[in-house]
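Novice: Here's a structure for you.
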Amino acid sequence: MSAARSIKELAQKAQAIRQSIITSLVEAGSGHTAGPLGMADVFAALYFQVMNHDPDKPDWDGRDRLILSNGHICPVLYAAMAEAGYFPKKELGTLRQINSRLQGHPHYWSVPGVENTSGPLGQGLSQACGLAYGLRLSNNRARVYAIMGDGEQQEGQNWEAYWFAGVNRLSNLTALIDRNNIQIDGYTEDVLPLQPFRHKLEAFRWNVLDIDGHNLGAIVDACYQAQATQQQPTAIICNTIPGQGVEFMENLPVWHGQPPDKDQAREALRQLRTLGGRLDCRELS
């Protein structure tokens, strides 16, 4: 179960998650950097404040489900799960290695607590809709949280899923959308503009909240507003900075699918300070 935490404690968790993202990516030598760093605050809020879950009982029927649609940002999922106690942190060093449980896109139950398999973009919201609909039919009060990227909003299946959820009033479903404005080919508004994004979602009968995705208080409050909303699913547009916390990575599409080398990782870890001090970077020397 999530315990009530202060914003300072959540911020510390978010920074620990960011540090783990960097160390796992530099060890892997491949993977995505910008998105995971940008979503660390959202994952800290979900795993350490918002969601009902128990790492010691990952198959508990009453648990909230997290569906990761944009599976390439899985370094943040794995880092948050390890921080929460689902598996030892040292296993993060096996990211993307042969026979590792931590592949470059998550596989259902490869680690207890991984709720879906992802890879092809645009599928996660449909998976989340099915789960939310099934939970409601079973009179199970658990909630479903779907994590999505803004680039994958260009996939048509998402809009069928938005339609389904709105028509069926899946109020136990919350979508958190990483609005970082980049995708692998560049900036989303140059590739295929999403605006007016909020109005589109509202047209599909969703309750829509637009927040700063690095404001932990706003993230938690938005999730609680979603829990209190009846008769509608909720979409939380999380405006984030890709590469958040590492100055030379922020807002640059090149870091969408590129890991740091050792020198870059050392500098990134130097910049990623917890509220109590710096991470010891000697393991990269």
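Novice: Name the helices (runs of 4 or more DSSP H) wholly within the stretch 1-120 that hold at least 3 residues that are out of contact with any Lys or Arg (no Cβ under 6 Å at 6 or more places or on another chain) and surrounded by fewer than 21 Cβ atoms within 10 Å (Cβ to Cβ)?
Specialist: Those helices (runs of 4 or more DSSP H) span 7-28.
Novice: Using the structure shown, decide if ASN207 is free of Cβ contacts under 8 Å to residues at least 60 places away in the same chain, surrounded by 16 or more Cβ atoms within 10 Å (Cβ to Cβ) and farther than 25 Å from VAL26 by Cα.
Specialist: Considered against the rule, which asks whether it is free of Cβ contacts under 8 Å to residues at least 60 places away in the same chain, surrounded by 16 or more Cβ atoms within 10 Å (Cβ to Cβ) and farther than 25 Å from VAL26 by Cα, ASN207 comes out as yes.
Novice: For residues in the stretch 154-186 being surrounded by fewer than 24 Cβ atoms within 10 Å (Cβ to Cβ) and of a type in the set (Ser, Thr, Tyr), which is farthest from LEU135 (Cα to Cα)?
Specialist: Top of the filtered list is TYR162.
Novice: Kindly indicate the residue of the stretch 136-146 that is touching a residue at least 40 places away in the same chain (Cβ under 8 Å) and surrounded by fewer than 22 Cβ atoms within 10 Å (Cβ to Cβ) and also nearest to the chain's Cα centre (by Cα) among those meeting that condition.
Specialist: ALA142
Novice: Starting from the stretch 230-253, take each residue that is farther than 20 Å from ARG18 by Cβ and list its partners that are of a type outside the set (A, V, I, L, M, F, W, C) and surrounded by fewer than 18 Cβ atoms within 10 Å (Cβ to Cβ), counting only C-beta distances under 7 angstrom and pairs at least six apart or across chains.
Specialist: Final answer for the pair search is GLN231/ARG169; GLN232/ARG169; GLN232/ARG205; ILE237/ARG198; ILE237/ASP210.
Novice: Among the residues of the stretch 121-156, which ones are within 19 Å of ASN52 (Cα to Cα) and in a loop (DSSP other than H, G, I, E, B)?
Specialist: Listed by number, the residues that qualify are SER138, ASN139, ASN140, ARG141, ALA142, ARG143.
Novice: Another question about this same structure. Pairs under 6 Å by beta carbon, first residue over 12 Å from LEU66 (Cα atoms) in the stretch 101-123, partner crowded, with 17+ Cβ neighbours inside 10 Å and aromatic (Phe, Trp, Tyr), six or more apart or different chains?
Specialist: Close Cβ pairs (under 6 Å, with a partner that is crowded, with 17+ Cβ neighbours inside 10 Å and aromatic (Phe, Trp, Tyr)) amount to LEU102/TYR78; VAL111/PHE87.
Rule-based calculations on the coordinates, nothing more; no lab input. Computed from a predicted structure; not experimentally measured. Positions of Cβ are backbone-derived with ideal geometry, glycine not excepted, and every protein chain shown enters the neighbour counts.
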